[in-house]
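**Student:** Below you'll find the structure I mean.
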Amino acid sequence: MKRLNLWIGAAISLCVLATALVALVWTPYPPAKLDILHKLAPTSAAHWLGTDPFGRDVLSMIMAGAQASLSVSVIAVGLGAGLGIPLGALAAARGGWVDDLVMRATDLAFAFPALLTAVMITALAGPGAGNAMLAIGIFNIPVFARVTRGAARPVWQREFILAARTSGRGDVAITLRHVLPNIAAILIVQATIQFALGIIAEAGLSYVGLGTQPPQPSWGRMLNDAQTFIYRAPLLAVFPGAAITLAVLGLNLLGDGLRDVLDPRLRRSR
Amino acid sequence: MNKIIAAALAATLATGTAQAAKDTLSLGMVLEPPMLDPTGGAAAATREVVYQNVFEGLTRIDQNGQVVPALAKSWTISGDGLVYIFALHTEAKFHDGAAFDCSVVKFTYERAVAPDSTNAQKGLFEAIAKTECPDPATAVVTLKRPTARFLFNIGFSDTVMIGPASAAGNKTNPVGTGPYLFKRWVKGDRVELARNEAYWGAKPAIASVTFRFVADPSAAAAAMLAGDIDAFPLFPAPETLDQFRADKRFTVNIGTTAGKTILALNNARKPFDDVRVRRALAYAIDRKALVDALGNYGTPIGSHYVPGDVGYVDLTGAYPYDPAKAKALLAEAGIKPGFTMTLRLPPPPYARRGGEVIAAMLEQVGIVAKQEPIEWAQWLDQVFKPQTDYDATIIAHVEPGDLDVYARDFYYYNYKSDEYRATFKQYVETVDPAKQVTLLGDLQRILSRDEPNVYLYALAKVSVWKAGLRGMWPNQPVPANPIAGISWAE
């Protein structure tokens with residue numbers, strides 16, 4: 001059953017990724033091309049998912065929107081992991097006041113509601129995909145720092161670390177050689193979860209107009225644009241909504257599945 | 001949640017008393033006024049709340065855009081068009097009990113042109129040489145030169161009568177002579193007015209009115225459908241109208257406004273200083289398709305003037321949609337394909353959504369138009385101020401007949417034309433109505449020829465109100481929501 005989740009999650013995630021990659025080189029129509037004569041067209045052979053109020057092809061926009069979602073989340077997770085993991089590893093390796101400092105700093109960051117602060121950052125720094133990446137990324141840093149530190153602490157107590165130490169290796173070398181490989185599974189699972197959260201955050205920011213800017217399509221903005229058309233063309237809201245749900249569901253299933261496969265301890269404890 | 005329960009309760013109570021004719025009104029608006037003094041740098045939202053309700057001028061503009069008497073009973077104009085003698089309604093009183101007489105007129109007009117005045121429309125007073133009071137019930141206004149629209153100008157929202165004692169507090173506690181007095185302002189939510197029982201004129205039917213501010217189009221539609229709001233004079237969600245039309249509880253009205261939606265260009269900045277580039281942009285934009293895409297019932301225009309304005313000339317054919325011609329003009333002006341410009345877009349849908357459509361149209365002629373959403377404060381600060389830091393912006397100018405802005409020493413388009421200024425001066429100083437009309441036509445033609453901005457469309461007044469509401473203005477010749485003429489059918 002757990003394996004099934006993993007495969008479904010992987011399949012969905014791969015589909016989303018493939019869609020985003022295909023959209024780089026091909027979409028049925030240029031996603032920003034207006035065709036006002038054919039606005040609000042229903043689903044048809046020419047427009048599989050219909051057209052929006054400006055006559056743009058919804059399928060093409062969803063495909064291109066996958067790009068915006070994924071690129072923002074990839075970079076946000078990359079930023080969070082890139083800064084958070086070293087911080088967490090440092091706290092675990094050094095302990096003492098360094099550990100305290102890093103952990104209290106993450107406590108502080110956790111005290112702020114993430115999405116609200118992301119809204120604040122983009123409102124101050126100006127809306128746009130770049131600032132959205134930054135805002136979402138900043139909130140990934142403490143998550144990764146905390147998970148890394150929590151998982152790395154017990155590793156540092158193990159005998160092989162003591163052995164490595166006595167053979168004269170430094171903290172950095174031990175972290176790279178022994179600690180990180182041992183906690184990689186947990187980090188990968190965490191990254192998948194953060195990735196899903198990143199997609200929701202990007203959609204949320206774009207929905208309020210602070211994320212990806214036109215003409216680059218974005219699922220969140222499509223949802224917002226569809227809002228007042230809900231009576232005339234309800235499907236306009238359904239498609240981007242379904243895209244967000246599917247992408248997030250896929251990543252969550254994948255994350256759950258990976259955790260069960262990669263982390264035998266968790267499986268046993270169930 | 002509490003709010004919903006309270007609303008449900010209120011609705012139940014309201015139906016209980018509905019047998020006696022309803023005398024309350026809740027009116028929806030998209031934008032909240034930044035403050036409530038129409039003479040202190042007013043925004044359209046300020047005017048839409050207080051003008052003709054709390055404040056009145058010597059004249060007022062009626063729903064047909066005509067000048068009618070208000071605090072002035074009548075007037076006579078000297079043969080040379082320079083001296084206006086007004087007979088005043090001195091029985092009128094300010095809401096704080098202060099008297100209205102000629103000294104108030106003198107105070108108001110002098111205050112508006114004083115160095116520290118923040119009046120947004122100082123130009124309306126510019127022609128006044130002096131105001132004199134031979135007796136309290138008579139005001140004599142002498143002009144520097146004959147001024148074609150003087151009676152219209154003093155009926156506009158920014159020239160209303162202000163009490164000397166209450167002037168300082170009007171921003172938050174407006175005190176006027178009007179049929180409604182200010183009750184309270186819950187910031188971010190509503191302004192409440194109540195009938196002025198001591199009003200000098202006819203007693204209005206509506207006893208209390210609430211202006212509710214709902215910025216989000218879908219929330220506005222939902223509030224109307226739920227019956228929370230009785231009328232939305234400038235309804236922000238035209239795409240939902242079919243649903244309201246099908247519903248017997250509502251009346252849908254499509255009227256006109258004086259709002260000119262334009263793609264404003266910074267004529268001082270290269271390459272927009274080149275008329276060929278400006279014309280190319282005009283050829284590149286399909287106005288009809290733009291209006292269709294936005295679904296906002298706008299009417300294409302060809303200069304800074306709307307159908308229905310005195311002396312309107314249809315110039316919409318001057319730059320028909322012709323991408324090939326646009327490309328040729330751009331090439332002639334040395335603009336290479338891939339040229340990048342920035343569109344600064346304030347919040348209203350006509351700008352944000354319009355920007356998306358226009359950017360796509362410009363792309364067809366090889367121009368990359370970057371869309372930059374900005375807030376109103378930024379727009380006023382960066383675009384509208386003298387540093388004019390912008391390439392292009394989309395904006396609706398709601399002041400009626402404001403051809404004067406192109407003749408000003410500074411206006412944010414940075415349009416400088418001696419020919420236009422000379423023609424405008426001639427128009428202002430002409431007293432013969434036929435000659436005025438001719439000159440108005442000339443002004444529009446000069447604008448169309450020079451195309452300092454790309455003229456897009458006249459904003460429609462899309463309104464939804466509850467069936468049974470009478471006396472709503474179908475059109476919006478000036479920004480106003482006069483409540484005094486509104487009533488509920490029995």
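The values are calculated or read from the model by the stated rules, or taken from the named source; none is laboratory data. What you see is a predicted model, and the numbers here were worked out from it, not measured in a lab. With ideal geometry, Cβ positions are generated from the backbone for all residues, glycine too; neighbour counts draw on all protein chains shown. Ligands, DNA and RNA are stripped out before the accessible areas are found, and what is left, the full protein with its side chains, is counted by its heavy atoms. Shrake-Rupley method; radii C 1.70, N 1.55, O 1.52, S 1.80 Å.
**Student:** State the number of residues belonging to the stretch A:221-256 that are within 14 Å of another protein chain (Cβ to nearest Cβ) and not polar (S, T, N, Q). Can you show your working first?
**Tutor:** Filtering the stretch A:221-256 down to residues within 14 Å of another protein chain (Cβ to nearest Cβ) leaves A:221-234, A:236-237.
Then keep just the ones that are not polar (S, T, N, Q); that gives A:221-223, A:225-226, A:229-234, A:236-237.
Residues that pass the stated criteria total 13.
**Student:** Got a number for residues in the stretch A:206-220 being within 10 Å of chain B (Cβ to nearest Cβ) and in a helix (DSSP H, G or I)?
**Tutor:** Total meeting the criteria: 0.
**Student:** Another question, then. Hey, can you tell me all the residues within the stretch B:90-124 that are open to solvent by less than 30 Å² (accessible area, probe 1.4 Å) and assigned to a loop (DSSP other than H, G, I, E, B)?
**Tutor:** B:ALA92, B:PHE94, B:PHE100, B:ALA114, B:SER117, B:ASN119, B:GLN121
**Student:** Can you tell me which residue is nearest to A:LEU70 (Cα to Cα) among those in the stretch A:191-205 that are open to solvent by less than 20 Å² (accessible area, probe 1.4 Å) and away from chain B (no Cβ under 14 Å)?
**Tutor:** A:ILE199
**Student:** Shifting gears a bit: May I ask you to say which residue of B:GLY188, B:GLY178 is of a type in the set (Gly, Ala, Ser) and modelled with pLDDT of 95 or more?
**Tutor:** Being of a type in the set (Gly, Ala, Ser) and modelled with pLDDT of 95 or more holds for just one of B:GLY188, B:GLY178, which is B:GLY178.
**Student:** Can you name every residue in the stretch A:92-125 that is closer than 12 Å to A:GLY211 by Cα, among the small types (Gly, Ala, Ser) and open to solvent by 20 Å² or more (accessible area, probe 1.4 Å)?
**Tutor:** If the condition is that a residue be closer than 12 Å to A:GLY211 by Cα, among the small types (Gly, Ala, Ser) and open to solvent by 20 Å² or more (accessible area, probe 1.4 Å), then A:ALA123, A:ALA125 are the ones that fit.
**Student:** Restricted to the stretch B:387-404, and to residues that are more than 16 Å from the chain's Cα centre (by Cα) and among the acidic types (Asp, Glu), which residue is surrounded by the most Cβ atoms within 10 Å (Cβ to Cβ)?
**Tutor:** B:ASP391
**Student:** Now for a separate question. How many of the residues making up the stretch B:238-295 are among the acidic types (Asp, Glu), touching a residue at least 40 places away in the same chain (Cβ under 8 Å) and not in a loop (DSSP other than H, G, I, E, B)?
**Tutor:** Within the stretch B:238-295, residues that are among the acidic types (Asp, Glu), touching a residue at least 40 places away in the same chain (Cβ under 8 Å) and not in a loop (DSSP other than H, G, I, E, B) number 1.
**Student:** Now for a different question. Could you list, ordered by first residue, the pairs with Cβ atoms under 7 Å in which the first is in the stretch B:413-437 and over 21 Å from B:VAL83 (Cβ atoms) and the second is crowded, with 17+ Cβ neighbours inside 10 Å and of a type in the set (Phe, Trp, Tyr), at least 6 apart or interchain?
**Tutor:** If the second residue must be crowded, with 17+ Cβ neighbours inside 10 Å and of a type in the set (Phe, Trp, Tyr), the pairs left are B:TYR415/B:TYR406; B:TYR420/B:TYR406.
**Student:** So how many residues does the stretch B:47-85 have that are in contact with a helix residue (DSSP H, G or I) (Cβ under 8 Å, 6 or more places away or on another chain) and either free of Cβ contacts under 8 Å to residues at least 24 places away in the same chain or in a strand (DSSP E or B) (or both)?
**Tutor:** Total meeting the criteria: 7.
Okay, residues lined up against (1) of a type in the set (S, T, N, Q); (2) touching a Leu at 6+ places or on another chain (Cβ under 6 Å):
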{"position": "A:LEU24", "(1), (2)": "no, no"}
{"position": "A:PRO28", "(1), (2)": "no, yes"}
{"position": "A:ILE36", "(1), (2)": "no, no"}
{"position": "A:LEU40", "(1), (2)": "no, no"}
{"position": "A:PHE54", "(1), (2)": "no, yes"}
{"position": "A:ALA64", "(1), (2)": "no, no"}
{"position": "A:GLN67", "(1), (2)": "yes, no"}
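**Student:** Something else about it: In the stretch A:221-233, which residues are part of a helix (DSSP H, G or I) and among the aliphatic types (A, V, I, L, M)?
**Tutor:** Selection gives A:MET222, A:LEU223, A:ALA226.
**Student:** Checking A:ILE188 against (1) within 14 Å of chain B (Cβ to nearest Cβ); (2) more than 16 Å from A:THR51 (Cα to Cα), only one condition comes out false. Which one?
**Tutor:** That leaves (1) as the condition not met.
**Student:** Could you count how many residues in the stretch B:291-308 are open to solvent by 30 Å² or more (accessible area, probe 1.4 Å) and more than 21 Å from B:ALA359 (Cα to Cα)?
**Tutor:** Qualifying residue count for the region: 2.
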